[in-house]
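Working notes, beginning with the structure itself.
The values are calculated or read from the model by the stated rules, or taken from the named source; none is laboratory data. Note that this is a predicted model, so its numbers are computed, not measured. Because the Cβ atoms are built from the backbone with ideal geometry, glycine has one as well, and the counts that use them run over all protein chains shown. Only protein heavy atoms, including side chains, enter the accessible area calculation; ligands, DNA and RNA are left aside. Shrake-Rupley method; radii C 1.70, N 1.55, O 1.52, S 1.80 Å.
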Amino acid sequence: MMRTYSFLTVFLWTCIFHMIHVMPSQKRTNKHSSSGRLTELSENDGKTLHRTKRGWMWNQFFLLEEYTGPDTQYVGKLHTDQDKGDGNLKYILTGDGAGSLFVIDENTGDIHAAKKLDREEKSLYVLRAKAIDRKTGRQVEPESEFIIKIHDINDNEPKFTKDIYTASIPEMSRVGTSVIQVTATDADDANYGNSAKVVYSILQGQPYFSVDPETGVIKTALPDMSRENREQYQVVIQAKDMGGQMGGLSGTTTVNITLTDVNDNPPRFPQSTYQFSSPESAPPGTRLGRIKANDPDVGENAEIEYSISSGDGSDMFDIVTDKDTQEGIIIVKKQLDFESKMLYTLRVEATNMHPDPRFLQLGPFKDTALLKISVEDIDEPPVFSRPWYLIEVDEDVKEGSIIGQVVAQDPDRTKNAIKYSVDRHTDLDRVFNIYSGNGSLFISKPLDREETPWHNITIIATEINNPKQSSQIPVFIRILDINDHAPEFSKYYETFVCENAKAGQLIQTVSAVDKDEPPRGHRFFFELVPEFAVHPNFSIVDNKDNTAGIMTRRNGYSRSKISTYLLPIIIFDNDYPIQSSTGTLTIRVCACDSWGNMQSCNAEALLFPAGLSTGALVAILLCIIILLVLVVLFTALKRQRKKEPLIISKDDVRDNIVTYNDEGGGEEDTQAFDIGTLRNPEAREESKMRRDVIPETIFQIRRTAPLWENIDVQDFIHRRLKENDLDPAAPPYDSLATYAYEGNDSIANSLSSLESLTTDGNQDYDYLSDWGPRFKKLADMYGGEDSDRD
């Protein structure tokens, strides 16, 4: 490096000497020189000007970056012809870095770099130099500008734009397929030497990948790289400056490359045969199991569709694909029957849904496997010969008659015996019954189609050896109609004939109804009863449309003589057996106007021609009822006013309780009340009235039955309370009755043995024998010394 710096120094001095002494003066102009020329022109006053030869000129200096020598780096020397070497001139340096980065010896004009410079921070410095006379302080030469350029050295290694690159490429790609391009930059000067010339190379990732040394493009280097064998690759790329020569600086980066999947693998079953089993009772839709064909691919390249290609159970089973797990699910399609077939064989196929045309030459992208499904026998319930039964029966069938039969059998090989029964929830009236052995249905009660035309019952068939196995079947019983109802009038007819009616006049049209429903429809016939076949007043005409007309046979009718006629009519039907009924038509004779409108039909109207109408009679009846209600209310209010209590409060007329706080003189006080009444219940007052109501003769004191002698006082009080509660003459408000007599003291001493401990000696209980037979037990217990010992 020292030789280099010496060479550069010699080179710089040579350039300076050549510029100053050899090269002609360059045309350099600045404000100071212009100013000098203008001043010189003004001083000569238009005389011919002579250009003054400049004594010093230079253009640029060069300096190496990152100088690490012991002394300051010498840049160059400023010198002017005006400098005689006597020290009268002073050199001054200004501009970029003057005084800090660059210093000048003011006496000799030598320029030195005071600090280490970095071209990557600043590559060019512009400075200005001037020479000043120390005595006058004036410039001896115009100020000149020069440039110091920093020469680059290889002090920066190449740097990649990313520390880690991520890329992907499809597997099975051809050799030379581009993967990704990496880029590295060098901060050194690209125009000076090879410091910034970068060359790429691969340090890790061979022989799978390669890199273009100039562009940094990474490419595949091996054919048919399989993702299933290896999916991730880590490649290390180096970028080196100086054109990759020895001594150049370098940098590295990592590229993570992933092989993406393509559909280059067909599905394969891990085994050629699969075994499954299913109970014969499995309903359609039951899942029996799963099978799976392996596909090393991923994503949609591994999507598989399963199907049944052949076999004797293709109509009994089905297979569907689980999109989440890519498994085939075996499903029961139809009801199985062990007795019909015990084993099914299927050929199942697994096919890729998205094959890649580039790899079809590798073979078919599908695989097959054999599926064997065995049916397990279970105890099944009985099976009826039909899904439902329809039985038709005449409504006049006799009780106990068999109307039909249901048949069921055990589908198992054991062929267990079966019993039949009727579900009574569907036959609450127990109209039908069944023989449990053979399933014959018979009638238990009479049938009536008009009441219930259909019966829907349920028959249960149960295995005798296993009652849990049972099945049900609906039986629909239709009751067929029998002509067992006679026709009758369709409604009640209010028929009248006018007094001025003429012979042959139609006064009423009648029709009939029948509860039966003959298959050919109804047809009714109307006739008069034989006794009135030739009626002198009326006749009947059959209209042949299930109606008949009542006609008059004479002129004029008198309601004063006969106000009502009874006309019996016979109605026939045309079904077998023929049913008939007799209906009586009531015909009233009424007064009519000239147009035949009825005015009055009552015979009493003849006696009271100006009689009241029905509305007027109703109004009169209502008035009478209202008057009777008023009379009853008035009487009740009057009786209520007469019955008033003796004690009336002006402030409160509701319930009253009269309290007397006189306690009396005790049991010895006989003045307050008659104590004898309590002691002798029979000695009660005979005709003493109640004190809390006004005496009234209509209220009689209800006498009670005599009480037994020596009745207990407590029982007496309870009876008095009961009598008081049941007394109908008691006031409607609350009253207080107090009975506080406790009775006399007992003439017998205390029988308690609690005081026996206070005595010194044994007590004598012989007196108990004198009290009678009621105390004999006590006398035996306490009367002698033996009892004490016991």
| query | In this structure, is Glu395 in the same structural domain as Ile473 (by the TED database) and modelled with pLDDT under 90? | reply | yes
Scanning the stretch 502-525 for residues that are touching a Ser or Thr at 6+ places or on another chain (Cβ under 6 Å), of a type outside the set (A, V, I, L, M, F, W, C) and surrounded by fewer than 17 Cβ atoms within 10 Å (Cβ to Cβ) gives Gln505, Thr509
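For the structure I just gave you, tell me whether Asp155 is in a loop (DSSP other than H, G, I, E, B), modelled with pLDDT under 85 and open to solvent by less than 70 Å² (accessible area, probe 1.4 Å).
Here the answer is yes, as Asp155 does meet what is asked.
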The residue from Asp356, Asp324 that alone is open to solvent by 20 Å² or more (accessible area, probe 1.4 Å) and over 30 Å from Tyr208 (Cα atoms) is Asp324
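Results for (1) β-branched (Val, Ile, Thr); (2) closer than 30 Å to Lys415 by Cβ, shown as yes or no for each residue.
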{"residue": "Val431", "(1), (2)": "yes, no"}
{"residue": "Ile434", "(1), (2)": "yes, yes"}
{"residue": "Ser440", "(1), (2)": "no, yes"}
{"residue": "Ser444", "(1), (2)": "no, no"}
{"residue": "Leu447", "(1), (2)": "no, no"}
{"residue": "His455", "(1), (2)": "no, no"}
{"residue": "Ile459", "(1), (2)": "yes, yes"}
{"residue": "Glu463", "(1), (2)": "no, yes"}
{"residue": "Lys468", "(1), (2)": "no, yes"}
Among (1) in the same structural domain as Gly76 (by the TED database); (2) surrounded by 19 or more Cβ atoms within 10 Å (Cβ to Cβ), Ile147 falls short only on (2)
Of (1) within 44 Å of the chain's Cα centre (by Cα); (2) within 16 Å of Lys445 (Cβ to Cβ), Ser401 fails just (1)
Task: Selection status of Thr495, closer than 19 Å to Thr564 by Cα, open to solvent by less than 20 Å² (accessible area, probe 1.4 Å) and among the polar types (S, T, N, Q) - done: yes
Over the stretch 175-202, the set of residues open to solvent by 70 Å² or more (accessible area, probe 1.4 Å), of a type in the set (S, T, N, Q) and closer than 20 Å to Ser226 by Cβ is Ser178
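Name the residue, out of Gly205, Gly299, that is open to solvent by less than 20 Å² (accessible area, probe 1.4 Å) and small (Gly, Ala, Ser).
The match here is Gly205.
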Going through the stretch 104-142 in order, the residues found to be free of Cβ contacts under 8 Å to residues at least 24 places away in the same chain and within 30 Å of Asn154 (Cβ to Cβ) are Lys115, Glu121
Taking the stretch 434-476 and keeping residues assigned to a strand (DSSP E or B), aromatic (Phe, Trp, Tyr) and either open to solvent by 50 Å² or more (accessible area, probe 1.4 Å) or in contact (Cβ under 8 Å) with a residue 60 or more places away in the chain (or both) leaves Trp454, Phe476
